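These notes concern the structure reproduced below.
The values are calculated or read from the model by the stated rules, or taken from the named source; none is laboratory data. Just so you know, these numbers come straight off a predicted model, no measurement behind them. All Cβ positions, glycine included, derive from the backbone under ideal geometry; neighbour counts span all protein chains shown. Protein only, heavy atoms only, side chains kept; ligands, DNA and RNA dropped before computing areas. Shrake-Rupley method; radii C 1.70, N 1.55, O 1.52, S 1.80 Å.
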Amino acid sequence: MCLAIPAKIMSLSGDKANVDFGQGVLREVNVSLVDAKVGDYVLVHAGYAIQTLEEKEALETLSLWNDILAAGE
Amino acid sequence: MSSFAADSLKFRNPQLAQNIAQKIKALAPKKGKVKICHVCGTHEWTITHFGLRSLLPENVEVIAGPGCPVCIVPAAEIDEAVQLARKGVVVTCFGDVLRVPGSEGSLLDAKAAGADVRIVYAVSDALQIAKQEPDKEFVFSAVGFETTAPSTAVEALGNPPKNFSFLTSHRLIPPAMELLLGVGDLEIDGFIAPGHVSAIIGLKPYELFPRIYRMPTVVAGFEPIDVLMAVYMIVKQVSEGTALLENEYPRVVKPEGNPKALEMMNKAFTVTAGNWRGIGRIPDSALQLRESLSDYDARQKFGMRVKQGKDILLGCECHLVIIGKIKPKECPMFMKACTPAKPVGACMVSSEGTCRVWAKNVAVQG
Ligand code: SF4
């Protein structure tokens, strides 16, 4: 139930945003819990964006893994 | 394909998974066991769906704690919703809540008997319907951990219409984790903390686990690589004799969590003791609407008293499954008297319940 899915903000009006879950699946979600602008990625849970995501951070996670795994060699 | 979709493929890379599994093997103790507990239905899904347990050495065990917010709603709180539905109030809820057994039937049973019970995807949808049908009384059964509670807070604070109220069953995860540490023979060596609860609450609420209980604690995401990494990080800590709080999921979890969401929750709720199905009363583990919002608190609005409910039916072992003491397979009813089509216990109802996850995945793998 704590499932949350990344989506891209396509348009904004007040607390509502139209987001794209990928492959053209669009839905209106509430964005009052985050500071996000058009083009940002957010994590959506039960109709509410609960966190903003940065692609940079996504990539950093991967290099974190590589580091950790390399350090353990 | 978006770059996030591309990333998620990396997070499922079988070669990377094998490499991590090798590292875990190399670090696992030669004698004794490492028992790791997660507290999230989505983690259990990832683990069973991708068969991650089969990648781990025999003495590294991952067990599922109370990670299904629907499963741990006590029967008494389902009874309240059923009572209201029978009285003619329109009860709105998430799909998973519909079939959760109360003491005398579920909301689905009430619906079959003619009550108006409607499934919504989001609390905002429930409000929308209430606005469209102003001559009916609406209640939203607000179930969920810290991931979900902020959305209830937003709407409770956003001037709901007069014909709308909340029947809150929100619960907090860290107090349940602390309770597990008191269950003597569980002997947990490390925690995998739930990533999306943590997206809201941040890292601070977990600090006590390494500091006071010397329990390695790793906040983790939900892809197979995330979970394997968390296991690796815990096994590494155990092998080094350290106990730290680490964040495997920085792409979502910031140390401070989501301050806006926390502020909303704090404005809308006070923290009280709460009953958990199969576990009992846990101090400081439930959210209750603040006095200033009592007009929107269904319990106050309809003058309801929480009574004792029948949480566990005869023969159901949910109370042991929920705290990770037994695996679903060890319940004599599993896939016999109790199946996803005809669930007996709450753990078989919700898509995040451990029994349901095992029924859908392990049964296929044999
Ligand atoms: S298999 Fe069914 S009866 Fe057994 S513990 Fe799970 S939910 Fe309860």
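Before moving on, here are some points about what is shown:
- In the set (1) in the same structural domain as B:Phe50 (by TED's automatic domain parsing); (2) of a type in the set (A, V, I, L, M); (3) over 17 Å from B:Glu256 (Cβ atoms), B:Leu157 fails one condition alone, (1).
- Among the candidates B:Glu330, B:Glu317, residue that is acidic (Asp, Glu) and surrounded by fewer than 17 Cβ atoms within 10 Å (Cβ to Cβ): B:Glu330
- The residues listed here are B:Gly274, B:Gly241, B:Gly257, B:Gly280; of these, the one that is on the phi > 0 side of the Ramachandran plot, out of contact with any Phe, Trp or Tyr (no Cβ under 6 Å at 6 or more places or on another chain) and touching a residue at least 12 places away in the same chain (Cβ under 8 Å) is B:Gly257.
- Some residue of the range B:20-38 being open to solvent by 20 Å² or more (accessible area, probe 1.4 Å), free of Cβ contacts under 8 Å to residues at least 12 places away in the same chain, farther than 30 Å from B:Asp311 by Cβ and within 14 Å of chain A (Cβ to nearest Cβ): yes
- Output for the range B:142-159, where each listed residue is open to solvent by 10 Å² or more (accessible area, probe 1.4 Å) and either touching a residue at least 12 places away in the same chain (Cβ under 8 Å) or in contact with a His (Cβ under 8 Å, 6 or more places away or on another chain) (or both): B:Val154, B:Glu155, B:Leu157
- For the range B:54-74, a tally of residues being away from every other protein chain (no Cβ under 14 Å) and either assigned to a helix (DSSP H, G or I) or small (Gly, Ala, Ser) (or both) returns 2.
- Among the residues of the range B:256-269, not a single one is under 15 Å from B:Val73 (Cβ atoms) and either basic (Lys, Arg) or buried (at least 21 other Cβ atoms within 10 Å of the Cβ) (or both).
- For the range B:104-131, the set of residues classified as among the hydrophobic types (A, V, I, L, M, F, W, C) and exposed (fewer than 15 other Cβ atoms within 10 Å of the Cβ) consists of B:Ala112, B:Ala113, listed by residue number.
- Restricting attention to the range B:79-99, the residues that are more than 16 Å from B:Tyr121 (Cβ to Cβ), under 20 Å from the mean Cα position of the chain (by Cα) and open to solvent by less than 10 Å² (accessible area, probe 1.4 Å) total 1.
- In the range B:19-30, the count of residues that are out of contact with any helix residue (DSSP H, G or I) (no Cβ under 8 Å at 6 or more places or on another chain), at pLDDT 90 or above and either small (Gly, Ala, Ser) or outside the structural domain of B:Pro194 (by TED's automatic domain parsing) (or both) is one or more.
- Index of the failed condition, B:Phe166 passing every other in (1) at negative phi; (2) surrounded by fewer than 24 Cβ atoms within 10 Å (Cβ to Cβ); (3) more than 12 Å from every other protein chain (Cβ to nearest Cβ): (2)
- Counted residues, the range B:20-38 - those being assigned to a loop (DSSP other than H, G, I, E, B) and touching a strand residue (DSSP E or B) at 6+ places or on another chain (Cβ under 6 Å): 1
- Among residues that are farther than 20 Å from B:Ile173 by Cβ, more than 14 Å from chain A (Cβ to nearest Cβ) and touching a Leu at 6+ places or on another chain (Cβ under 8 Å), B:Val91 is included.
- The single condition among (1) buried (at least 16 other Cβ atoms within 10 Å of the Cβ); (2) away from chain A (no Cβ under 14 Å); (3) at pLDDT 95 or above that B:Gly278 does not satisfy is (3).
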